[in-house]
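Derivation of every value follows stated rules applied to the coordinates shown; laboratory data play no part. Note that the structure is predicted; figures quoted are calculated from it, not measured. Neighbour counts run over all protein chains shown; Cβ positions are idealised from the backbone, glycine included.
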Amino acid sequence: MMGAVLAGGRGRRFGGDKLLFKISGEPLISHTIERLESADSIDEIIIVASPENAERLRGLGYRLVVDELLVGPIGGIYTALSLGDAFVVAGDMPLLVPEFVDFVVERFKLSKKPACVPRWGNGYLEPLHAAYSSDFKDFLENKIEVGQYAINRAIMESNACYIEIGSLPEEWRESFFNVNTREDLGRIRGIRGRVL
């Protein structure tokens, strides 16, 4: 299974290119990639970049594809699926839990559904911690063509598999944590005593 790291955001709330912001000497996105690579089910990493940050991210040494659509996460996922089935995460998720990634991939393979997405009790989805079939690309293309860019809506209108987060180990929830602001960098250190 390919691990696709979406890296197209502009980091407005962070105040700069957060994905290359150094934490413990390594760019934020490198921490995310390292965790994703540690999952047994992931055998290749690709970075989905925007045209404006592609050159800066190319130096990380991973296969890179450019999302030319620039319509948000749905465009990044669509771009990744042009290369095959993918477990998709955002580049600003440095606390990914490899065991949780493997769990989602296993459920995805067993379900034989176009997508397998964690879901909270209130119905909120985690589309950037989910597995997608390359077959889902055509469905997303139809949504994009008519200007429907909400990935959650697309997932809910498809025949997706859902993983109920409430039934999972509580420590896996840190996997969803993403860095939006500089204050979030301080929160990283507070999650289970992790220091990056």
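Restricting the count to DSSP beta bridges whose residues both fall in the chain, what percent are antiparallel, rounded to a multiple of 5?
Antiparallel bridges make up about 30 percent of those DSSP assigns within the chain.
Express in whole angstrom the spacing between the alpha-carbon centres of the stretch 72-120 and the stretch 129-159.
After rounding, the separation between the Cα centres reads 13 Å.
For residue 44, what residues show an amide H to amide H distance below 5 Å, using hydrogens built from the backbone and excluding near sequence neighbours?
3
At a threshold of 8 angstrom on Cα-Cα distance, excluding pairs fewer than six apart, so keeping six or more, what relative contact order does the stretch 69-196 reach in percent?
Dividing the mean separation by the residue count of the stretch 69-196 yields 33 percent.
Check residue 6: other-chain or 5+ apart residues with amide H under 5 Å from its amide H, H built from backbone geometry?
48, 89, 90, 91
For residue 156, project a label point 7 Å along Cα to C-beta. Then give me every residue of the stretch 109-142 with its amide nitrogen under 11 Å of that point.
The answer is 123-125, whose backbone nitrogens lie closer than 11 Å to the label point.
Which far-off residues, 5 or more places away or on another chain, put their amide H under 5 Å from the one on residue 163, with H placed in the peptide plane?
Those lying under 5 Å, H to H, from residue 163 are 117, 119.
Read phi for every residue in the stretch 180-185 and hand back ³J(HN,Hα) as whole Hz from Karplus 6.51 cos²θ - 1.76 cosθ + 1.60, θ = phi - 60°, with x for Gly and Pro.
The phi angles translate into 10, 10, 5, 5, 5, 4 Hz.
Using θ = phi - 60° and the Karplus relation 6.51 cos²θ - 1.76 cosθ + 1.60, list the HN-Hα couplings for the stretch 150-163 in order, rounded to whole Hz, with x at every Gly or Pro.
7, 5, 4, 4, 4, 4, 5, 8, 9, 8, 7, 9, 10, 10
Just subtract the alpha-carbon distance of residue 70 and residue 26 from 0.36 nm times their residue separation and send over the number in nm, one decimal.
13.2 nm
Normalised by the empirical 2.2 N^0.38 Å for globular proteins, what value does the Cα Rg of the stretch 49-196 take?
1.07
In whole Hz and in residue order, list the ³J(HN,Hα) couplings for the stretch 46-63 that follow from phi through the Karplus curve 6.51 cos²θ - 1.76 cosθ + 1.60, θ = phi - 60°; x for Gly and Pro.
Listing the rounded values in order: 10, 10, 9, 10, 8, x, 6, 10, 4, 5, 5, 7, 4, x, 6, x, 9, 4 Hz.
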